[in-house]
Each structure stands twice: as C-alpha cells, then as structure tokens.
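In what follows, a structure is listed as structure tokens, so that the remarks can point back to it.
The values are calculated or read from the model by the stated rules, or taken from the named source; none is laboratory data. Everything numeric in this text was worked out from a predicted model, so none of it was measured. FYI the Cβ positions are ideal-geometry reconstructions off the backbone, even for glycines, and counts take in every protein chain you see. Quick note on the areas: whole protein, heavy atoms, side chains included, nothing else; ligands and nucleic acids left out. Shrake-Rupley method; radii C 1.70, N 1.55, O 1.52, S 1.80 Å.
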Amino acid sequence: NVADVPEVPDWLADHLRDDGIEDLYPPQAEAVEKGVTEGNSLVASIPTASGKTLIAELAMLSSVARGGKALYIVPLRALASEKKAEFEQFERYGLSVGVSTGNYESEGEWLSSSDIVVATSEKVDSLVRNGASWIDDLSCVVSDEVHLVDDAHRGPTLEVTLAKLRRLNPNLQTVALSATIGNAGQVADWLDAELVDSDWRPIDLRTGVHYGQALHFDDGEKRELPVRGNEKPTSAIVRDTLDEDGSTLVFVNSRRNAEGAAKRLAGVVEETLTNEEQEALGEVADAVREVSDTETSDDLANAVERGAAFHHAGLARDHRSLVEEAFQDRLIKVVSATPTLAAGVNTPSRRVVVRDWRRYDGSVGGMAPLSVLEVHQMFGRAGRPGLDPYGEAVLLANGHDELDELFERYVWADPEAVQSKLAAEPALRTHVLATVASGFADSRSSLLSFLERTLYATQTDEPGRLERVTDDVVAYLVANEFLEKDGDSLAATSIGHTVSRLYLDPMSAAEIIDGLRGATEATAMGLYHLVSRTPDMYDLYLRSGDREQYTMLAYEREEEFLGAMPSEFEDGRFEDWLSALKTARMLEDWASEVDEERIAERYGVGPGDVRGKVDTAEWLLGAAERLAGELDLTIAPTIREARVRVKHGVGEELIDLAGVRGVGRKRARRLYEAGIQDRAGLRNAEKSVVLGALRGRTQTAESILEAAGRDDSAMDGVREDPEAKTAAL
Ligand code: ADP
C-alpha cells in the first residue's frame with residue numbers, strides 16, 4: 001500500500017490516491033523493498049507502461065525530503081518539457097521544478113534553487129563541462145530509457161555523464177529506468193545498483209502475427225479478418241478494431257510511409273464517424289492548419305478531419321501534441337507513426353500493428369531488421385489499463401515463411417543485451433577531450449581509470465582495447481592542438497577548453513579552424529558549407545539527380561568554399577561534400593527569405609527539419625565566431641553576419657529590423673518595402689505607414705514600436721496608409 005512506503009513526504013499517499021493510485025504495482029513494490037526510497041541505487045528493467053515514472057518519483061521525492069536535490073535525465077529534448085509538466089504537480093507541496101534546455105553554454109545557475117531538474121544527457125554533460133555549481137549538490141539522479149546507452153550517437157554521452165556525476169559524488173543515488181533488456185544485471189553491476197527485472201504488465205498483452213486473412217496469436221488463437229477487395233491487411237485490422245470500438249497505432253519505417261498510411265487508413269475510419277465526432281475532428285483539423293502553412297500541415301489536417309493522423313519527428317511540436325491529445329481522447333482512431341512515438345510518448349491504444357519490421361539503416365547501406373527491444377517497446381503501447389480488456393499487438397507477414405520467422409524473431413524472442421558504443425572514435429574523441437578539460441583526468445593513467453567506470457569497461461572482454469583506442473584519440477587531439485601531452489601528463493590547451501565548452505565534436509572544431517585559417521574573406525554560402533561539412537551537422541541525403549545538380553553548383557561557386565574541394569574521383573568524400581552543399585544551399589535559401597514551405601518541398605523534408613538545420617547552423621556559426629575570435633582571425637564579423645541571417649532567415653539588409661522583438665522575417669520584409677530600413681526607421685516612421693505594412697494589426701504595431709524603443713507607441717486613431725500596404729504586396 002502507498003501509505004507504507006518509508007521516507008517519502010507525508011502528503012504523497014493522499015496525492016497518489018487522488019490520482020487513483022492505491023496500491024503499488026508489483027515492480028514498484030519490489031523497488032521500494034530494495035530501498036529506492038532509502039537512497040539505494042536501482043536499475044528497473046520493466047515493460048513499457050508498467051509504472052516506471054512512479055519509481056522515479058519515489059526516489060526523487062524521498063531524496064528531496066532528506067534535504068537533497070534530484071536530476072531527471074530524459075533521452076529526448078521533446079520529453080524534457082513533458083516531464084517537467086508532470087513533476088510540476090508537486091509544486092503545490094512546496095517543491096520547485098526546473099528544466100534545463102536553452103543553449104549549451106549557459107551555466108543555468110538559476111537551477112540551483114530547484115529541487116528537481118529535468119534535462120537531456122547532452123545538457124547535463126554541457127553543464128558539467130561548464131562547471132555549473134549546483135551539479136555538486138545532487139543527491140539523486142534518474143536516467144530514463146537507460147537502454148539508449150546502446151545508441152551509437154547518443155549513448156556514449158549518457159554513459160560518460162553518469163560516470164562523471166558518480167565521480168563528483170560517490171554517494172549519489174542512481175536510478176536507471178529501462179525497457180526490458182537482456183542484460184539488466186550487467187547494467188546494475190556497472191552502476192553498483194539493486195535490480196528489479198520484471199515482465200509484469202498492468203494489462204494483458206497478446207502478441208502475434210497477421211498472415212493471410214487472420215491474426216495468429218501467441219496463445220494459439222486465430223482470428224479471421226475478412227479483407228475487402230484488394231485492400232491492404234492494415235485496413236482490415238483497423239476496421240476490425242473499430243468494430244470493437246478500439247483505436248489502432250500503426251508503426252511504419254519512414255515519414256513518407258507514415259503520411260501515406262494515414263491517408264489510406266482515413267478512408268476506413270471515415271465511414272464510421274458520428275456527426276459529433278466529425279464536428280470535433282473538424283476543430284482539431286483547424287487547429288492543425290493554424291500551426292503552420294505548409295503541405296505537411298495540410299496533409300495532416302486532411303487526415304485528422306477523417307479520424308486518422310500521422311506522427312513523426314518532422315512534425316512541428318504543436319502538431320505532435322494535437323495528435324497525441326486527440327488520440328488519447330479517442331477522437332482520432334488511427335495513428336501511423338515512425339518509431340519515435342514508441343519511445344517516451346504515452347499513447348496507449350487498443351491494438352498496435354508493426355507494419356514494417358525493417359527500416360533503412362545508413363550504416364549498412366540497406367534495410368535492416370528492427371531490434372527485438374524496439375519491437376517490444378512498440379508492442380508495449382497496446383492496451384489502455386482501465387479502458388481495454390487487453391491489448392493486442394501484431395506484426396505483418398508477407399508469406400507463410402515469414403509468419404514463422406516473425407514468431408521466432410520477435411514474438412517468442414527475448415530482447416537483446418545493450419552494448420556500450422563508447423569505443424567508437426567520434427564518441428571517445430569528444431569525451432576524452434571533455435574529461436581532461438573539465439578536470440576529471442590530468443594524465444593518461446587517470447584518464448584510463450576514469451574510463452574504467454563506464455559500461456564499456458564493464459563489458460569489454462578484449463584486453464587492451466580501451467587503452468588502444470584511447471591512445472589513438474589522444475594522439476588525434478594532440479595533433480590538432482586541443483590537448484598537450486608531457487610524459488604521462490595531459491592538459492587541455494586554451495582552444496581545447498573552448499571546444500569542450502562549446503560542446504563541439506573536436507573534429508568539427510578542427511574542420512572549422514582549418515577552413516577559417518586559410519581565409520581572409522568569406523561569403524555566407526562559404527560559411528554555411530563549412531559548418532555543414534562538420535560531423536555535428538546531419539546533412540540532407542542526395543537523391544537521384546541531386547549528384548549532377550550539386551556537382552554543377554559546386555563548380556559554379558568553387559571559389560566561395562573554404563578549404564580544398566575533394567576530387568570527383570574520391571567517391572565517398574566527394575559525395576559528403578555534395579550533401580553538405582545541399583544543406584548549405586538550403587540554409588542559403590532560408591537566409592534569402594524563401595518561404596518555409598517552398599524550402600520543405602524543394603529539399604524533400606518536413607518543416608520541423610528546416611528549423612532543426614537552422615538551429616544547428618546558428619549554433620555552429622556561433623561556435624565558429626568564438627573560435628575565430630580566440631584565434632585572432634579577422635573574419636569574425638563576417639561569420640556573425642552569416643549567423644544572424646540564418647537565425648532570422650533574412651537578407652543582409654534586414655538584419656537590424658528582424659532583430660526587433662515581434663518582427664520576424666516576413667514583417668521585416670514588408671516594413672522594408674514600405675521604406676522603413678532599420679530600428680531607427682521604426683522610431684521615426686509615420687505610424688500609418690507602419691500600420692499599413694503590418695496589415696492593420698494595431699496591437700502588433702504597438703508592441704513592435706515599443707520594442708524598437710519608441711516612447712509614443714500608441715496607435716489610437718491611426719489609419720493604415722494604403723500605399724504602404726500595396727507597396728508591401
Ligand atoms: P512507463 O514509464 O513504465 O512506460 P508510466 O510510468 O508512464 O509507464 O505509467 C503508465 C501509466 O500507469 C500512467 O498513466 C500511470 O499513472 C499509471 N500508474 C503507474 N503506477 C500505477 C499504480 N501503482 N496504480 C495505478 N496506476 C498506475
């Protein structure tokens with residue numbers, strides 16, 4: 001019973017009861033028995049939706065009650081604000097909750113007054129590198145989705161960050177939450193933690209495979225599903241679920257497929273909607289259209305109107321939350337999603353269909369099967385406790401052989417063990433520099449003993465390998481003058497410190513420094529290309545036809561690029577150079593005021609991706625500016641201009657105007673065309689002209705004038721100048 005949990009605040013039992021929680025779920029009770037509220041470290045490896053969040057809350061609240069401070073590490077930036085909102089319910093009992101997002105550099109000192117802080121592992125890593133003082137006060141750290149240490153891109157940061165936090169405070173309570181994995185015991189050994197390893201679920205889950213015209217379940221039951229005409233199996237499953245008044249979540253392997261499936265499945269749902277539902281869905285669709293004026297937005301709204309939706313990382317955040325909410329409210333009956341939805345977002349559904357069990361994997365250059373862990377996480381979204389009698393999750397087979405294969409591969413299979421990816425060079429390069437720069441090691445031997453505290457060291461059975469890769473990486477960092485080596489001792493150079501604080505991959509820093517050193521002048525394009533070439537920018541893929549187009553562009557604008565262009569015969573390098581060029585071209589379009597929608601279309605990406613690239617470019621150009629300053633290069637002001645243009649998405653002449661709060665790229669252009677060229681112009685302009693350029697929006701005009709520093713910003717009685725409006729058209 002929740003009232004018997006030791007060391008938690010008195011109000012908690014009542015609070016949980018108000019939320020409908022009387023008894024702990026068995027894995028939660030086991031966690032309490034193992035001392036999670038008494039400061040013990042714990043690894044909880046339990047299925048999706050089995051109440052991991054409450055285990056985290058018990059740990060954090062008891063730790064705070066003892067006068068401590070807790071940190072909750074989320075795997076995705078998008079989840080940070082979601083978790084913060086969840087923990088804010090405790091503010092009424094006098095706790096304070098903070099979220100650390102924002103830029104990598106700021107120290108976040110204000111967080112020193114929060115009892116619970118939510119942040120991504122990258123953010124925590126950056127705070128440690130920048131010496132945020134409150135990090136030393138932590139008594140409890142929770143790592144959500146710790147199985148992601150297996151992720152080649154982000155896992156090593158999580159791994160090293162946990163090692164650093166534990167080094168800073170040897171008594172730190174570490175609570176790691178994980179989906180069910182094959183080697184939870186090993187993870188617990190690494191973290192010196194107790195272990196809860198359970199398959200318990202709050203609602204029954206039946207799993208199986210669809211083949212022919214039937215669902216084949218693991219308990220031997222076969223459910224016939226008549227397929228109409230030549231429709232696809234997914235449609236038949238969705239219709240069958242609707243007959244039982246249930247919703248379906250369909251996992252597919254690409255954004256395009258998610259969009260296509262939503263469109264098709266909307267046809268199935270549409271026939272079953274009541275008038276009331278149609279009306280309510282119409283409102284959601286309007287809200288979707290309000291978010292942005294793009295093709296994706298339009299496609300989404302069209303599907304939503306008919307009771308279906310797609311969900312992927314290319315959607316704007318507001319789009320995502322509209323879809324999640326309407327699905328939870330049972331208005332939207334089917335969502336087709338890429339696997340991002342399986343991680344973290346709590347959207348249970350009566351049935352889950354894993355339509356595609358293979359997806360494109362760049363590292364093998366072709367299709368690769370999903371891991372058992374991922375498929376089981378998707379399966380875990382089936383069944384809403386209290387609403388459905390049970391959940392059902394199925395894969396789709398394309399032939400009789402595949403029916404057996406899928407049972408073997410996923411339904412009967414145990415999830416894989418997670419494997420550290422720290423020994424991969426890019427990861428180690430970054431973390432070795434940061435470890436030395438932030439004072440966790442000052443020699444080769446202390447560096448190695450720090451790395452001994454990682455999961456990698458717990459797992460490796462190849463003697464000498466960690467030493468070998470570490471030595472290679474140290475040699476690289478010394479050659480690029482980020483580290484200095486003197487016998488056994490190691491120290492970061494001044495530029496090495498800067499690179500670590502800027503949170504740059506040292507290879508990105510080396511590429512940028514190399515490009516800038518040779519240059520006396522640069523165009524915006526040259527700078528965009530330079531930062532797009534770094535490993536910190538995920539480039540756009542080249543599609544068929546792109547190679548020719550961008551090869552031509554490369555020659556046309558050859559003298560603008562900083563650093564030597566690889567020869568066309570160096571296949572891989574040339575290809576990388578061209579995809580960086582494609583990315584740079586997109587940034588150039590953005591900074592030349594091309595419409596967001598046109599950009600998304602031209603480069604075949606979602607609006608969310610355009611923003612993502614723009615943000616990364618702004619950050620990398622800011623870093624380049626700092627490096628140029630530190631190296632006394634005269635090019636720093638040029639970089640600044642390119643950065644500000646990317647930030648606001650405007651041409652050179654609008655930089656000043658677009659910097660005024662509330663103006664933005666489109667309004668800046670309209671004001672400019674009405675003859676107002678800068679901040680000073682705003683202060684002196686005829687109000688009627690300003691109002692005209694702003695299409696008669698009085699309030700907007702007032703707040704913009706105020707932001708520009710004008711004393712008399714009131715617009716009472718001002719009429720818009722029709723000429724300004726026409727000029728602006
Ligand atoms: P996980 O993080 O493991 O995927 P959550 O922590 O999001 O799962 O929990 C899933 C749902 O179960 C939440 O809606 C939560 O409120 C509910 N829940 C958690 N613990 C209990 C409990 N002991 N009794 C009833 N409901 C619970």
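Can you tell me how the range 141-193 classifies by the Cα gyration tensor, rounded, prolate or oblate, using a/c under 1.5 as the rounded cut?
Oblate, because a/c is 1.5 or more while a/b does not exceed b/c.
Can you put K613, K582 in order of accessible area, largest first, using a 1.4 Å probe?
Numbers: K613 30, K582 10 Å².
Largest to smallest exposure gives the sequence K613, K582.
Between N398 and T551, the contour length at 0.36 nm per residue exceeds the alpha carbon distance by 51.0 nm. Separation of the range 1-44 from the range 605-635 is 46 Å, based on Cα centroids. What the chain shows is 43 Å² of accessible area per residue, with the surface traced by a 1.4 Å probe over protein heavy atoms.
Look at the alpha carbon pairs under 8 Å that are at least 6 residues apart: their mean separation over the length of the chain gives a relative contact order of 10 percent. Its residues counted as N, the range 560-687 yields a C-alpha radius of gyration over 2.2 N^0.38 Å of 1.23.
When only Cα pairs under 8 Å and 6 or more residues apart are kept, what is the percent relative contact order across the range 508-642? Mind showing how you got there, number by number?
Values: 142 pairs, mean separation 46.9, N = 135.
Over the range 508-642, the number comes to 35 percent.
Compute the separation of the alpha-carbon centres of the range 443-500 and the range 371-438 and state it in Å as a whole number. The two parts, judged by their Cα centres, are 31 Å apart. Multiplying the residue separation of N169 and R409 by 0.36 nm and subtracting their alpha-carbon distance yields 82.2 nm.
Relative contact order for the range 620-659: what percent, with Cα pairs under 8 Å and sequence separation of 6 or more?
RCO, the range 620-659: 31 percent.
For the residue pairs K263/K582; K123/K485; K613/K687; K69/K647; K123/K613, alpha carbon separations beyond 25 Å are given by K263/K582; K123/K485; K613/K687; K69/K647.
Peptides 296-305, 271-280, 118-127 ordered by packing proxy, namely the average of other Cβ atoms within 10 Å per residue, highest first: 118-127, 296-305, 271-280.
Can you bin the range 1-86 into rounded, prolate or oblate? Criterion: square roots of the alpha carbon gyration tensor eigenvalues sorted a ≥ b ≥ c, rounded for a/c under 1.5, prolate for a/b above b/c, oblate for the rest. Before the final figure, lay out each step's value.
On the way: a/c = 1.33, a/b = 1.25, b/c = 1.06.
Verdict is rounded for the range 1-86.
Projected onto its three principal axes, the C-alpha set of the range 38-182 covers 39, 33, 30 Å, listed from the longest axis down. Computed over all pairs of different Cα atoms, the Kirkwood value for the hydrodynamic radius of the chain is 28.3 Å. Taking a ≥ b ≥ c as the square roots of the eigenvalues of the Cα gyration tensor, the range 167-300 is classed as oblate, since a/c reaches at least 1.5 and a/b does not exceed b/c.
Taking 0.36 nm per residue of sequence separation and removing the Cα-Cα distance, the Q677/A714 pair yields an extension gain of 11.2 nm. Here the range 364-405 has 52 percent of its accessible surface on carbon and sulfur atoms, given a 1.4 Å probe and all protein chains in place. Packing order of peptides 558-570, 453-465, 310-322, 205-217, highest average first: 310-322, 205-217, 453-465, 558-570 (average count of other Cβ atoms within 10 Å over each peptide's residues). Of the residues H376, S688, S113, the one whose Cα sits farthest towards the positive end of the charge dipole of the chain is S688 (charges of +1 on Lys and Arg Cβ, -1 on Asp and Glu Cβ, taken about the Cα centre). Heavy-atom accessible area for R643, with the other protein chains in place and a 1.4 Å probe, reaches approximately 40 Å².
Label zone of V364 (point 7 Å out along Cα→Cβ, amide N under 17 Å): in the range 378-398 this covers no residue at all.
What does the net charge come to around E30 if you take all other residues with beta carbon closer than 15 Å to its beta carbon, with K and R at +1 and D and E at -1? Mind dumping the intermediate values first?
On the way: positive: K34, K52, R201; negative: D4, D23, E33, E38, E194, D197, D199.
Around E30, the charge tally is -4.
Sorted from greatest to least, the principal axis extents spanned by the alpha carbons of the range 480-623 come out as 55, 34, 28 Å.
Over the chain, dividing the summed -39,500 (n - 2.57) contributions of all DSSP H runs of at least 4 residues by the number of residues returns a 222 nm mean residue ellipticity of -14000 deg cm²/dmol. For the range 470-532, GluC sites (Glu not before Pro) meeting the loop criterion (DSSP other than H, G, I, E, B) and having at most 15 other Cβ atoms within 10 Å: E481, E521. Considering only A285, V250, Q213, and ranking their Cα positions along the charge dipole of the range 179-319 that arises from unit charges at the beta-carbon of Lys, Arg, Asp and Glu, the one farthest toward the positive end is Q213.
With +1 assigned to the C-beta of every Lys and Arg and -1 to the C-beta of every Asp and Glu, and no other charges, what is the dipole magnitude of the chain about the Cα centre in debye, to the nearest 20? Kindly include the intermediate steps, with their values, before the conclusion.
Working: 79 positive and 131 negative charges, 211 e Å.
Its charge dipole is roughly 1020 debye.
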